[in-house]
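Notes for the one structure printed next.
The values are calculated or read from the model by the stated rules, or taken from the named source; none is laboratory data. For clarity, every value in this text was computed on a predicted model and none was experimentally measured. Cβ: placed from backbone, ideal geometry, glycine included. Neighbour counts: every protein chain shown.
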Amino acid sequence: MCLAIPVRVLSIGVDDWAEVEIGGVHSRVSLALIDGAAVGDYVIVHAGFAINRLDLEEAEKSLALFDEIARRLGEPADALHQRLS
Amino acid sequence: MRYINGFRDGRAATALSRLIAAAVEPERDYHLMEFCGGHTHAISRYGIQDLLPPNVRLVHGPGCPVCVLATPRLDGAIELARRPGVTLVSYGDMLRVPASRRLSLLKARAGGADVRMAYSAAEALAIATAEPRRQVVFFAIGFETTAPATAHVILEARRRGLGNFSVYCNHVLTPAAILSILDAPEVRDLGRVRVDGFIGPSHVSAVIGSRPYEYFAEEYRRPVVIAGFEPLDVMLAIRMLVEQLNQGRACVENEFTRGVVRDGNRKAQQLVAEVFEMRPSFEWRGLGQLPYSGLRLKSAYADFDAERRFDVRTRPAPENKACQCPAIIRGVKNPTDCPIFGTVCTPRNPIGSCMVSAEGACAAYYKYRRRVPAKAG
Ligand code: SF4
């Protein structure tokens, strides 16, 4: 039940139903539990209901951090520790 | 797919693995409990334990919703399903969970009961709408993640005046379970289980926020780091926990900033507060009766409460003696400690609840067992 991934909202219909897409697969989820979702947003879905919007700015920050960690793989650990603390 | 694959990058995982190894103090052990079944699954799937130094041990917690449902409650669902005119709608994973007397919802269905599988609470409501002559009961299980959806369909049923829809409510609360782990004699007195810190759940926290953990981080001096479900999320959270433990801190930190804020999802919380109230006590598999750990419908919504409509009574049910699920749920044992793991008990023929759902520790170990060391502990 918990193994969910973020999906992108393609369109929003009546009664908070939305058409969503992930990796080319389309499905329908309910937006009834969240406020203010718009087309193009990513939402986190759990058992057919969106439980939150994905904060893209925060997602990008995390990805940038992981990117940096990966790029500096060869460097001594100390340099990276500073970046993380 | 950027927001999935980006969090599974192998090079970053290797780098994090090195960082963790460099950060740990060699003379101490770090016992970290992942509360949530979603994390248990990710840890097995990506072999995360193998990427950690030997003194960092992951302990599996009670956060698999299917695993923690007490047998008497499941027996109650089977009893409901067998009533004439009743259609019981359940999340798919529940169908194969063994109940008393070797029964399961699947077997009840084979015996003529009308049991249907749903992916979402909304499907149960749709069945009730489409089949007004059936009494449709939604078998609601799960943590704070699924409770808002159940609340929503109850409100919808009332709005539409659906007289043939009700909910058999088994929703449970995460903070209560974490407290019970911390208060358990194995942890507090016997020292058989050590939990130095918690990897906090992603989706539960998306709903309840990070605030509810602040109490026991402080009170019990255990750091909590909320983590996403992807492998890099879990690795970074472990790195953050190690750091806190090294510094002697016990704070709530959030690795999963893209999905969790301190206050959580207010709308979902309001729906839950409108429809549900806490039960004074609720039984969990493995953890026993826990005070204020489960939800029931408020009396204003009694018309939609299957327990009242059908007068469901629960009776104590003995656990299967061979099955170690109760100890696994408490973090005392590992699946490989069970004598019938992978032999008698397999996902095709589950003997205990932990072998059924993908989030169950036994099922996760079985599926990915090539990556799991033969004996952990
Ligand atoms: S392997 Fe099966 S019987 Fe053993 S603890 Fe796990 S679920 Fe129970």
Where in region B:126-238 are there strands (runs of 3 or more DSSP E), lying fully within it, with 2 or more residues that are aliphatic (A, V, I, L, M)? B:135-142, B:224-226
Residue check: is B:Val272 within 14 Å of chain A (Cβ to nearest Cβ) and away from the ligand (no atom under 15 Å from the Cβ)? yes
Filter region B:302-323 down to residues that are in contact (Cβ under 8 Å) with a residue 12 or more places away in the chain and within 16 Å of the ligand (Cβ to nearest atom) and give me whichever is surrounded by the fewest Cβ atoms within 10 Å (Cβ to Cβ). B:Pro318
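Which is in contact with a strand residue (DSSP E or B) (Cβ under 8 Å, 6 or more places away or on another chain), crowded, with 24+ Cβ neighbours inside 10 Å and modelled with pLDDT of 95 or more, of B:Ile127, B:Ile141?
From the options B:Ile127, B:Ile141, the qualifying one is B:Ile141.
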Any residue at all in region B:190-212 that is basic (Lys, Arg), within 26 Å of B:Glu25 (Cα to Cα) and without any contact (Cβ under 8 Å) to a residue 60 or more places away in the chain? no
If we scan region B:168-187, do we find a residue that is of a type in the set (D, E, K, R) and either within 14 Å of another protein chain (Cβ to nearest Cβ) or within 21 Å of the chain's Cα centre (by Cα) (or both)? yes
Any residue in region B:289-297 that is more than 10 Å from the ligand (Cβ to nearest atom), in a helix (DSSP H, G or I) and over 20 Å from the mean Cα position of the chain (by Cα)? no
Every residue from region B:72-94 that is touching a helix residue (DSSP H, G or I) at 6+ places or on another chain (Cβ under 7 Å) and modelled with pLDDT of 95 or more: B:Asp75, B:Ala77, B:Ile78, B:Leu80, B:Ala81, B:Arg82, B:Val86, B:Thr87, B:Leu88, B:Val89, B:Ser90
Which members of region B:175-214 meet the condition of being modelled with pLDDT under 90, buried (at least 21 other Cβ atoms within 10 Å of the Cβ) and out of contact with any helix residue (DSSP H, G or I) (no Cβ under 8 Å at 6 or more places or on another chain)? B:Ala177
If you go through region B:339-355 one residue at a time, do you hit one that is surrounded by fewer than 24 Cβ atoms within 10 Å (Cβ to Cβ) and in a helix (DSSP H, G or I)? no
Every residue from region B:239-285 that is surrounded by fewer than 17 Cβ atoms within 10 Å (Cβ to Cβ), part of a loop (DSSP other than H, G, I, E, B) and touching a strand residue (DSSP E or B) at 6+ places or on another chain (Cβ under 7 Å): B:Pro280
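Is it true that some residue in region B:346-365 is more than 14 Å from the ligand (Cβ to nearest atom), more than 15 Å from the chain's Cα centre (by Cα) and at negative phi?
No: region B:346-365 contains no residue that is more than 14 Å from the ligand (Cβ to nearest atom), more than 15 Å from the chain's Cα centre (by Cα) and at negative phi.
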For region B:5-59, what are the residues that are surrounded by fewer than 23 Cβ atoms within 10 Å (Cβ to Cβ), of a type in the set (Ser, Thr, Tyr) and not in a loop (DSSP other than H, G, I, E, B)? B:Thr14, B:Ser17, B:Tyr30
